[in-house]
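To start, the structure itself, in C-alpha cells.
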Amino acid sequence: MHGLVNRALQGFLIDTYGEVTWDEVLSQAALPAGGFESMLHYEDRLTGEVILAASAVLHKDRCTLLEDLGTYLLSHPNQEGLRRLMRFGGDTFFDFLQSLDDLSGRARLALPDLDMPDLTIQHDSHNRFVLSVRWGLPGAGSVFLGALRAMADDYGALAFFEAEEGEDGEERVVIDLVDQSFASGRSFTLGGRVA
Amino acid sequence: MIQDRVIGLSGTALDQLMPMHLWVGPSGLINRVGPTLTRIAARDLRGQPLFDVIDLHRPRSARTLEALLSLQGARLTLCLRCRPDLQFRGIVVGLPAGVGGLIQMSLGLSFAKAVDDCGLTLKDFSPCDQTVDLLYLREANAAIARESRKLTERLQRARQAAEQQALTDTLTGLANRRAMDAALLALTEVPVPRFGLMHLDLDFFKEVNDSLGHAAGDHVLTHVADILRSEIRSGDIVARVGGDEFVLLFRDCDDPDLLEAIGARLISRLEEPTIFDGQPCRISASAGSVLASRYDHPTPDRMLNDADVALYASKNRGRAQHTLYSEDLLAPLRPN
C-alpha cells in the first residue's frame, strides 16, 4: 500500500483523536513507533491492522471509522490540498459526481504507483447516482460515503447518501441529489495554492 | 460526404467551442471576442484594430490582416498588448467570402499565471481544454514534491543523528573517540579497576601525507589499524581518537613489563614500510602508557592526561619509542 494512504489514516487519527490515541493504535497493531512515511510503500496488511486496531481502541465499528476518515480527508484544514484537488473535478456537485470516473486516472497521472480504487459512477435517473467502488481492502465504500458527504457540504449541495453491498466485494454508494445550490458552500479558486 | 462545406455557427456556439477566439473583420477591426479572452483582457476589445490588441511574436511580426492570414495553419506565439506578460499560443484561419479571419488561442505555458492573475474558473475552459488537468497536475505535483522534501529532510536529520551516535571510525573501522570514552568510563567505574591505557601517536605520518598524498595517508591509517587490531586480545579496545592518534585499552592488565613489551612490538611492526602505489610509506610511532592500578581512584581524564605526559616524554626523547608513565616524567619534560 502506498504510504500516502497509510499517512492519511495516521493524519486522521492524530488530528481527530490525538497523539496518545495514535501511539496506542500503533502499539496494538504491533507497529514501530513513529508511524508511516508518505513516500514509501508498505505491506497491505499493515493498513488493515491499523484500521482494526483503531476500531478497537476507539470502540467504533469499521464502517463508521472509515466514513469519518473520508469526511476528515476532505474537510479538515490539514487536508486542504486534497479538497482542492477534488474541486478540480467540476464547477457544481453534479459535475463533480460525473468526474468521479476520472478520479483514479487523474490521481495516477500524478502518482502512477498510488493504489487507487476502481470507481464507476452511474447517473441512474434525474437526480440519482450510484458510485461503485472496488479496492484491495474492504471498506473503501465507507470512505467514499464520508468523503462525498464532505464534498456535498463543500459545494453547498443537499444530498442523501446510502451505502450498499454489491456483488463480488463491490461496494456502492447511492447518492440522491436533492438541491445543487442548497447553501453557499466553501469557496474555491482555480489558481492560488502552489508552494 | 461533402468536403469543405461552409457551416454557420452562432456566436454562442463559437464562445462555447472556443472561449479564447478572436474574430477580425475584413477592415482589420475586431468583431467578436471569446468570453475567456475578454476576461483576461479585462476590457471590451470589440471595434478595436486587431494589431492594437495583439502582438505577434512568432513566426514573424505581421502588421496587416493579409500578412497574418498568410500564416494560416501555422503555430503562432502571441500576446495581448494589455498583458505582455502572458504568452499565448494561437492559430489563424481565413473566413470564407472575405469576412476576415478567426484566431483561436490557448494559454500555452502561461496557464498558471493567467489563472492566478485573472481569477479564471472552471467555467472559463472548454471541457476539451486540458488546462484544468494541467492545473490539477501542477498542484498535485507540488504536494508530492512537498512530501518528498519532508521525507528527505527527516532522513537527513536521522542520518546526522546516527552519525553523531556512531561508535565507529568510518575510515579504519576502529572504535572512535566516543566509543573509547564510553569504554574507558566503564572500565574505571568497576570496584577495582585493573587495565592498561596506551596513547599512541604516529611519527612521520604528516610527511607521508604531504609527499605521497591523502590517498597514501588513508592507506597508511588503514594499515596501522590492521596492525593494532591484530596485536590486541578480543576484549581489548583500540580506537582512533584523532587524525593519527590512537588509544588502546588492555583489560585485566596490571603488568608494566607487559605494556612495555606490547608498546615495543607495536612500534617495530608499524615501522615496517607499507607499499602504496609502488612507493614505500615509512612511519613510526611514539606511545605512552599508564596502568589503572597505580591510582586509588582512577578517572578517565586523569589517566588520559598521564598517558599523554608519557607520550610526550617518548616524543621528547627522539620519538619511535614507548614510555610508561611515572611521576618523575612531570613538569621538566613537558614542552612549554
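The values are calculated or read from the model by the stated rules, or taken from the named source; none is laboratory data. All values derive from a computational prediction rather than experimental measurement. A quick note on method: Cβ atoms are made from the backbone with ideal geometry, for glycine too, and the neighbour counts reach across all protein chains shown.
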Would you check if there is a residue in the stretch B:24-43 being touching a Gly at 6+ places or on another chain (Cβ under 6 Å) and part of a loop (DSSP other than H, G, I, E, B)? yes
Please tell me if A:L145 is under 22 Å from A:R84 (Cβ atoms), touching a Cys at 6+ places or on another chain (Cβ under 9 Å), assigned by TED's automatic domain parsing to the domain that holds A:D95 and not aromatic (F, W, Y). yes
Out of (1) of a type outside the set (V, I, T); (2) surrounded by fewer than 16 Cβ atoms within 10 Å (Cβ to Cβ); (3) more than 9 Å from chain A (Cβ to nearest Cβ); (4) more than 30 Å from B:S110 (Cα to Cα), the one B:N176 does not meet is (2)
Pick out the one residue from A:L66, A:L9 that is more than 14 Å from every other protein chain (Cβ to nearest Cβ), closer than 25 Å to B:K150 by Cβ and in contact (Cβ under 8 Å) with a residue 60 or more places away in the chain. A:L9
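For the stretch B:257-285, which positions are of a type in the set (V, I, T) and surrounded by 14 or more Cβ atoms within 10 Å (Cβ to Cβ)? So that I can check it myself, show each step before the final result.
The first filter runs over the stretch B:257-285 and keeps only residues of a type in the set (V, I, T), leaving B:262, B:267, B:274-275, B:283.
Selection gives B:I262, B:I267, B:T274, B:I283.
Residues that are buried (at least 20 other Cβ atoms within 10 Å of the Cβ) and more than 9 Å from chain A (Cβ to nearest Cβ): find the helices (runs of 4 or more DSSP H) completely inside the stretch B:50-162 holding 2 or more of those. Walk me through it before giving the result.
Working: elements: B:50-53, B:65-69, B:111-118.
Of the helices (runs of 4 or more DSSP H) lying wholly inside the stretch B:50-162, those with at least 2 residues that are buried (at least 20 other Cβ atoms within 10 Å of the Cβ) and more than 9 Å from chain A (Cβ to nearest Cβ) span B:50-53, B:65-69.
When the residues of the stretch B:181-208 are narrowed to those that are in a loop (DSSP other than H, G, I, E, B) and charged (D, E, K, R), which ends up farthest from B:L228 (Cα to Cα)? It would help to see each step written out before you state the result.
If we filter the stretch B:181-208 for residues that are in a loop (DSSP other than H, G, I, E, B), which is where we start, we get B:189-194, B:204.
When the remaining residues are screened for being charged (D, E, K, R), the result is B:189, B:194.
Values: B:E189: 25, B:R194: 21 Å.
Selected residue: B:E189.
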Subset tally (residues that are surrounded by fewer than 18 Cβ atoms within 10 Å (Cβ to Cβ) and either in a loop (DSSP other than H, G, I, E, B) or of a type in the set (F, W, Y) (or both)) for the stretch A:118-143: 5
Of all residues in the stretch A:32-63 being of a type in the set (A, V, I, L, M), within 14 Å of chain B (Cβ to nearest Cβ) and more than 19 Å from the chain's Cα centre (by Cα), which is surrounded by the most Cβ atoms within 10 Å (Cβ to Cβ)? A:L40
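Suppose we filter B:D52, B:D85 for residues that are over 26 Å from B:T131 (Cα atoms), in contact (Cβ under 8 Å) with a residue 24 or more places away in the chain and among the acidic types (D, E); which single one remains? Break it down stepwise before answering.
Numbers: B:D85 fails: over 26 Å from B:T131 (Cα atoms).
Residue meeting the stated conditions: B:D52.
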Exclusive hit being more than 46 Å from the chain's Cα centre (by Cα), within 19 Å of B:E245 (Cβ to Cβ) and surrounded by 14 or more Cβ atoms within 10 Å (Cβ to Cβ), set B:L324, B:L291: B:L324
Test each condition in (1) of a type outside the set (S, T, Y); (2) at pLDDT 90 or above; (3) under 20 Å from A:H2 (Cα atoms) for A:G89 and report the one that comes out false. (3)
Six or more apart or on different chains, Cβ atoms under 6 Å: show the pairs whose first residue is in the stretch A:150-171 and under 17 Å from A:G70 (Cβ atoms) and whose second is in a strand (DSSP E or B) and small (G, A, S). A:A152/A:A159
Could you tell me how many of the residues in the stretch B:232-288 are part of a helix (DSSP H, G or I), over 23 Å from B:A183 (Cβ atoms), without any contact (Cβ under 8 Å) to a residue 24 or more places away in the chain and not polar (S, T, N, Q)? 1
